[in-house]
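Presented below is the structure to which this report refers.
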Amino acid sequence: MLLFALGFLLVILQPCSGQFPRVCANMQSLLSKECCPPWDGDGSPCGELSSRGSCQNILLSQAPLGPQFPFSGVDDREDWPSVFYNRTCRCEGNFMGFNCGECKFGFSGPNCTERQVRTRRNIFQLTTSEKNKFLAYLNLAKNIPSQDYVIATGTYTQMNNGSNPMFRDISVYDLFVWMHYYASRDTLLGGSNVWRDIDFAHEAPGFLPWHRAFLLMWERQIQRITGDENFTIPYWDWRDAEDCGVCNDEYMGGRHPTNPNLLSPASIFSSWQVICTRSEEYNSQQALCSATSEGPIRRNPGNNDKSRTPRLPSSADVEFCLSLTQYESGPMDKMANYSFRNTLEGFADPQTAISNPAQSSLHNALHIYMNGSMSQVQGSANDPIFVIHHAFVDSIFERWLRRHRPMLEVYPAANAPIGHNRENYMVPFIPLYRNGEFFKPSRELGYDYEYLQEPALESFQDFLAPYLQQARQIWPWLLGAAVFGGIITAVLTGLLRACRKRKGGTSSEIQPLLTESEDYNNITYQSNF
C-alpha cells in the first residue's frame with residue numbers, strides 16, 4: 001500500500017515521456033498547433049527564462065520516402081507530429097522533455113550535467129528480492145494512471161480538425177501498449193478501406209532505434225513512479241532455450257491448470273486486462289483503439305505453428321546475424337537481403353540473410369512462439385514478456401554497434417519506408433526524437449548490459465578491432481607499396497653508385513670511402529601510396 005501511495009505521489013510531481021501531453025490535449029493547443037508547456041521551475045514556456053529551451057517551429061525532413069505507402073495526407077502520422085502540432089519545445093544542452101523539464105538519457109542532476117551509466121542485468125541473475133521488486137513495479141505501472149499524458153481516441157478529422165478534442169486517461173503501462181499499437185496500426189482510408197503495408201516501428205530501418213527509445217522511456221517511467229532511480233529493465237537471454245524459461249509463476253506467469261491459453265491464477269499477471277488487440281474491429285469501424293479492456297493476457301508458449309517457427313533462436317543464429325556488415329539494404333523493408341536489421345527482426349533466414357517472410361526467426365520467433373497476445377504486432381506489448389524480450393534484442397543491436405562501429409551515415413537518410421528515414425521523427429513520441437538519435441552506443445544513452453561489460457584489456461582490443469579489420473582489407477596494397485618502394489630504392493642506389501664510379505675514374509684505390517655522415521644522410525627516400 002505504501003508503494004502505491006508513493007508511486008501516486010511521484011507520478012503527480014514528476015513529468016514523464018510518452019504521447020500526447022495532457023497540457024496540450026485541448027482545443028486551444030490543437031487549433032493553434034502549438035505544444036510549448038511551461039516548465040514548473042520558472043513558469044516560462046519550455047523553461048526559456050532558465051535557458052532550458054524555447055518554442056520553435058518543427059523542422060520536418062524533406063528526404064524522399066520509399067514506395068511502400070502510395071498516399072499523402074490521409075494518415076495523422078505522416079510528417080509526425082505536424083497534423084497535431086507544428087510548434088513544440090526545442091530543448092538546449094542536456095535538457096529534454098515536452099517542456100524541457102527533464103534530462104537527456106544518460107544525464108542527471110539539477111542542471112543535467114552529471115553523466116550516468118546504469119546496467120541492465122539478466123533476469124535470471126537477479127536476487128529473489130530484486131526479481132520480486134521488478135514484478136511489483138510492473139504491476140504498479142499497470143494500475144497507476146499517467147498524470148502527464150493521455151491518448152487520442154479519434155483521428156484529427158474525427159476531432160473536427162481540433163475543435164472537438166478526443167482524448168482519455170490511461171495507466172502508465174498501458175500508455176506504452178497504446179503507443180506500440182498506434183505506431184503499427186493500419187491506415188484508415190474511409191468507408192471500410194484500410195492500408196496495411198505501413199508500420200512506423202517495424203519492418204524497416206527504424207525498428208531497432210524505435211524500440212531502443214521505447215524501452216528507455218518505459219524504464220524512466222518505472223524509475224519515476226517508484227522513486228527507484230537505479231532501476232533498469234532486466235533482459236531475457238533466450239539463446240538456445242528449449243522452452244520458455246520465464247513462463248512460470250516465479251517470473252512472468254505460468255500456464256493455467258485448466259486452460260492452456262491463459263496464465264496461472266497464482267501469477268499477478270493473470271488479472272491483467274489487455275487493450276488494443278482487435279485491429280479488425282477498429283478497421284471496420286474506422287476507429288482508433290480507445291484502450292478499453294479486452295480480456296486477459298493470452299499465452300500458450302510452444303504450441304505455435306512449427307512450420308513458421310520450428311524452434312527458438314540459437315547462439316549460432318545470433319552470431320551469424322552479428323557478422324552481417326550492412327545495417328540496411330535494398331528496399332529497406334521485410335524483403336531486404338543481407339540486412340542486419342531485417343535478419344535480427346526475423347524476416348530473413350538467420351543462416352543465409354535471405355529474406356523469407358514466410359518464416360519467423362530471431363526477434364519474430366519469440367513473438368510467434370508465445371502463441372497469444374505477444375503474437376499479434378499491434379497488441380504484443382500487453383504481455384510483460386515483451387519488455388524483457390526486447391531488452392535482449394536491443395543488446396544484440398548494441399553488440400552489432402560495438403563490433404562494426406558504424407557512422408551515423410550508415411543509417412539511411414532517404415528512400416526508407418514512411419517514417420523510417422534518419423531525420424524522421426518517431427511516431428508517436430512527444431517530446432520529439434529522430435530515428436538517428438538512437439543509432440548510437442547504449443553507453444552514450446546512459447545504460448549498458450551486464451554480459452557486454454568487458455575488462456579494460458578486452459575493451460582496448462575491441463577498440464582496435466575495426467582498425468585492424470581495415471588494415472587486413474588493405475594489406476595487399478601495403479605489401480605492394482613496400483615491394484614497389486624496395487625496387488625503386490634498389491634502382492636509385494645502383495644509379496647513384498654508377499654515377500660516382502664514372503665521376504671518379506677507373507682507379508678505385510684513390511677513391512675515399514663513402515662515410516655515413518657525408519653521403520647516406522643526404523639521401524632521402526619517400527614513398528607515396
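The values are calculated or read from the model by the stated rules, or taken from the named source; none is laboratory data. Predicted model only: the values in this text are computed from it and were never measured. Don't worry about glycine lacking a Cβ; one is built from the backbone with ideal geometry, like all the others, and counts go over all protein chains shown. These accessible areas exclude ligands, DNA and RNA; they are computed on the full protein's heavy atoms, side chains included. Shrake-Rupley method; radii C 1.70, N 1.55, O 1.52, S 1.80 Å.
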(request) Within segment 61-72, identify whether any single residue is over 25 Å from the mean Cα position of the chain (by Cα) and without any contact (Cβ under 8 Å) to a residue 24 or more places away in the chain, and answer yes or no. (result) yes
(request) Evaluate the following for Glu78: is it out of contact with any His (no Cβ under 7 Å at 6 or more places or on another chain), acidic (Asp, Glu) and open to solvent by less than 60 Å² (accessible area, probe 1.4 Å)? (result) yes
(request) Filter the strands (runs of 3 or more DSSP E) completely within segment 104-221 down to those with at least 2 residues that are touching a strand residue (DSSP E or B) at 6+ places or on another chain (Cβ under 8 Å) and open to solvent by 10 Å² or more (accessible area, probe 1.4 Å). (result) 118-120, 187-190, 193-195
(request) Give the residues of segment 81-95 that are open to solvent by less than 40 Å² (accessible area, probe 1.4 Å) and either in contact with a Ser or Thr (Cβ under 8 Å, 6 or more places away or on another chain) or small (Gly, Ala, Ser) (or both), sorted by residue number. (result) Pro81, Ser82, Tyr85, Cys89
(message) Can you pull out every residue in segment 365-398 that is in a helix (DSSP H, G or I), farther than 17 Å from Phe207 by Cα and open to solvent by less than 10 Å² (accessible area, probe 1.4 Å)?
(response) Met370, Asn382, Ile385
(message) If I go through segment 343-352 residue by residue, how many of them are buried (at least 23 other Cβ atoms within 10 Å of the Cβ) and either closer than 20 Å to Met407 by Cβ or free of Cβ contacts under 8 Å to residues at least 12 places away in the same chain (or both)?
(response) 1
(message) Going through Asn261, Asn248 one at a time, which residue ends up being assigned to a loop (DSSP other than H, G, I, E, B), open to solvent by 10 Å² or more (accessible area, probe 1.4 Å) and free of Cβ contacts under 8 Å to residues at least 40 places away in the same chain?
(response) Asn248
(message) Out of Arg299, Arg255, I need the residue that is of a type in the set (D, E, K, R), at pLDDT 95 or above and open to solvent by less than 70 Å² (accessible area, probe 1.4 Å). Which one?
(response) Arg299
(message) Tell me the residue from Leu49, Leu30, Leu59 that is surrounded by 13 or more Cβ atoms within 10 Å (Cβ to Cβ), at pLDDT 95 or above, under 30 Å from Glu78 (Cβ atoms) and not aromatic (Phe, Trp, Tyr), please.
(response) Leu30
(message) Of everything in segment 222-234, what is of a type in the set (Asp, Glu) and assigned to a helix (DSSP H, G or I)? Give them in sequence order.
(response) none
(request) Go through Arg308, Arg299 for me and flag whichever is part of a loop (DSSP other than H, G, I, E, B), in contact with a Gly (Cβ under 8 Å, 6 or more places away or on another chain) and basic (Lys, Arg). (result) Arg299
(message) Among the listed residues Thr277, Thr292, identify the single one that is open to solvent by less than 70 Å² (accessible area, probe 1.4 Å), β-branched (Val, Ile, Thr) and over 29 Å from Asn421 (Cα atoms).
(response) Thr292
(request) For Asn283, work out the one condition from (1) free of Cβ contacts under 8 Å to residues at least 60 places away in the same chain; (2) crowded, with 16+ Cβ neighbours inside 10 Å; (3) of a type outside the set (Gly, Ala, Ser) it doesn't fulfil. (result) (1)
(request) Hey, could you check segment 399-415 for residues that are open to solvent by 20 Å² or more (accessible area, probe 1.4 Å) and assigned to a helix (DSSP H, G or I) and say which is farthest from Asp249 (Cα to Cα)? (result) Glu409
